Amino acid sequence: MAVVKDIETETRIRIVAVGDVHLRIDTPPAIDRSLHEAAADADLVLLTGDLTDNGRLPEVEKLAGLLSGIEAPTYAVLGNHDRRSLRRREFRRVLESGGVALLDGDSTVVTVTNGVRIGLVGIGGYGGGFWPDEAPDLLSTRLSQAVAVRARREAVRLEAALDALALEDTDLTIVTMHYAPTTSTLGLEPMLKHWMLGNSILGRVVDRHDVTLVVHGHAHLGNYEGATPGGTPVRNVALPVVGRPAVIEVDADGTVHDIVPSPDAIAIEASRVARATDSP
Ligand SMILES: [Fe+2]
Ligand SMILES: [Fe+2]
């Protein structure tokens with residue numbers, strides 16, 4: 001009997017996303033098998049930064065070895081721990097030798113096997129906080145000015161990359177970043193640390209464009225599911241949050257389906273966060 005595939009399934013894409021692996025040379029990687037298993041039937045693998053613990057070349061060499069053999073197109077952004085690298089060009093070269101393309105304020109279009117054209121933007125992002133939702137006076141003036149300058153620069157680069165992508169013929173637009181564009185995925189992170197974890201300008205830039213999904217990491221105590229103020233779905237795929245690579249499916253019309261973690265696991269996590277943050 002012929003297998004009839006419904007049209008939605010045919011145009012659905014499968015993304016595997018993970019960040020904050022913090023790979024060190026003296027400890028075994030926490031994701032080796034789970035990443036390869038998840039990536040085996042993925043259309044796209046997205047790595048949201050802090051892939052290494054100190055940006056050292058032996059760490060990125062170990063990472064490249066771990067990633068080699070993954071056939072799905074694989075893209076990464078740098079996290080603050082990767083940026084500790086003193087040999088950034090070599091870091092990138094080694095990463096690329098493992099089949100990973102680094103996106104640093106860049107956009108690209110990936111056509112997956114079922115013909116869906118995915119516009120991808122990748123950028124590290126930066127901290128700065130979530131003013132006006134949260135008070136801006138948590139930092140010394142000099143530090144906050146330095147952070148604000150860099151935060152704005154990253155937001156300008158994100159805007160330029162999304163503007164460039166808007167000229168392309170794509171079905172979906174996915175943004176990968178390290179820092180968070182919203183507080184809705186910061187979960188149990190203390191509010192005093194929010195300025196280190198992301199900023200609201202990134203979220204506003206996302207909301208000015210037709211973005212299907214944002215994946216980020218960096219907030220280890222955060223929660224998985226959130227959205228920008230404008231309603232763009234955001235997922236915090238930091239390994240300490242999900243415990244394994246996240247698996248997300250997206251229909252060609254932009255509907256997002258969470259596979260790993262499951263909707264049940266997401267609901268349990270949401271009630272745990274709500275209980276913890278509601279307590280007086
Ligand atoms: Fe991290
Ligand atoms: Fe980080």
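The values are calculated or read from the model by the stated rules, or taken from the named source; none is laboratory data. The shown structure was predicted, so the numbers you read here are calculated from the model rather than taken from an experiment. As a convention, Cβ positions derive from the backbone with ideal geometry for all residues, glycine included, and neighbour counts pool all protein chains shown.
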Exercise. Which condition number in (1) of a type in the set (A, V, I, L, M, F, W, C); (2) modelled with pLDDT of 95 or more; (3) surrounded by 15 or more Cβ atoms within 10 Å (Cβ to Cβ) is the one that residue 40 fails?
Worked result: (3)
Exercise. Being within 28 Å of residue 58 (Cα to Cα) and more than 15 Å from the chain's Cα centre (by Cα), is that true of even one residue in region 174-196?
Worked result: yes
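The rows are residues; the columns are (1) under 25 Å from residue 240 (Cβ atoms); (2) over 19 Å from the mean Cα position of the chain (by Cα); (3) within 16 Å of ligand 2 (Cβ to nearest atom).
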site	(1), (2), (3)
22	yes, no, yes
27	yes, yes, no
39	yes, no, no
43	no, no, no
Problem set entry | Leading residue by the ranking (surrounded by the most Cβ atoms within 10 Å (Cβ to Cβ)) among those in region 48-76 that are within 12 Å of ligand 1 (Cβ to nearest atom) and under 29 Å from residue 251 (Cα atoms) | 48
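If the requirement is being in contact with an Asp or Glu (Cβ under 8 Å, 6 or more places away or on another chain) and either more than 16 Å from ligand 1 (Cβ to nearest atom) or modelled with pLDDT under 95 (or both), which of these qualifies: 16, 45, 94? I'd like the intermediate steps shown before the answer.
Working: 16 fails: in contact with an Asp or Glu (Cβ under 8 Å, 6 or more places away or on another chain); 45 fails: in contact with an Asp or Glu (Cβ under 8 Å, 6 or more places away or on another chain).
Unique residue meeting the criteria: 94.
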Exercise. Any idea which of (1) surrounded by fewer than 24 Cβ atoms within 10 Å (Cβ to Cβ); (2) more than 15 Å from ligand 1 (Cβ to nearest atom); (3) under 16 Å from the mean Cα position of the chain (by Cα) is the one residue 231 doesn't satisfy?
Worked result: (3)
For this session: Please enumerate the residues belonging to region 124-156 that are at pLDDT below 65 and either under 18 Å from residue 176 (Cα atoms) or of a type in the set (A, V, I, L, M) (or both).
Result: 135, 138, 139
Exercise. Is region 29-36 home to any residue that is more than 16 Å from the chain's Cα centre (by Cα) and under 22 Å from residue 119 (Cα atoms)?
Worked result: no
Seminar exercise, completed: Among strands (runs of 3 or more DSSP E) completely within region 173-280, the ones holding 3 or more residues that are out of contact with any strand residue (DSSP E or B) (no Cβ under 8 Å at 6 or more places or on another chain) are none
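Results for (1) in contact (Cβ under 8 Å) with a residue 12 or more places away in the chain; (2) among the small types (Gly, Ala, Ser); (3) surrounded by 12 or more Cβ atoms within 10 Å (Cβ to Cβ), shown as yes or no for each residue.
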{"position": "236", "(1), (2), (3)": "yes, no, yes"}
{"position": "240", "(1), (2), (3)": "yes, no, yes"}
{"position": "244", "(1), (2), (3)": "yes, no, yes"}
{"position": "250", "(1), (2), (3)": "yes, no, yes"}
{"position": "254", "(1), (2), (3)": "yes, yes, yes"}
{"position": "258", "(1), (2), (3)": "yes, no, yes"}
{"position": "261", "(1), (2), (3)": "yes, no, yes"}
{"position": "270", "(1), (2), (3)": "yes, yes, yes"}
{"position": "278", "(1), (2), (3)": "no, no, no"}
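Results for (1) buried (at least 24 other Cβ atoms within 10 Å of the Cβ); (2) more than 14 Å from ligand 2 (Cβ to nearest atom), shown as yes or no for each residue.
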position	(1), (2)
176	yes, no
181	yes, yes
191	no, yes
203	yes, yes
211	yes, yes
214	yes, yes
222	yes, no
For this session: Those residues that are in contact with a Leu (Cβ under 7 Å, 6 or more places away or on another chain), more than 13 Å from residue 102 (Cα to Cα) and part of a loop (DSSP other than H, G, I, E, B), I need them from region 40-82; list them, please.
Result: 53, 72
Seminar exercise, completed: Checked region 227-280 for anything of a type in the set (Gly, Ala, Ser) and touching a Pro at 6+ places or on another chain (Cβ under 6 Å); matches are 227
For this session: Kindly establish whether residue 37 is of a type in the set (D, E, K, R), closer than 26 Å to residue 213 by Cβ and in a loop (DSSP other than H, G, I, E, B).
Result: no
Exercise. Considering region 190-222 alone, what residues qualify as being touching a Ser or Thr at 6+ places or on another chain (Cβ under 7 Å) and within 16 Å of ligand 1 (Cβ to nearest atom)?
Worked result: 194, 215, 216, 217, 219, 222
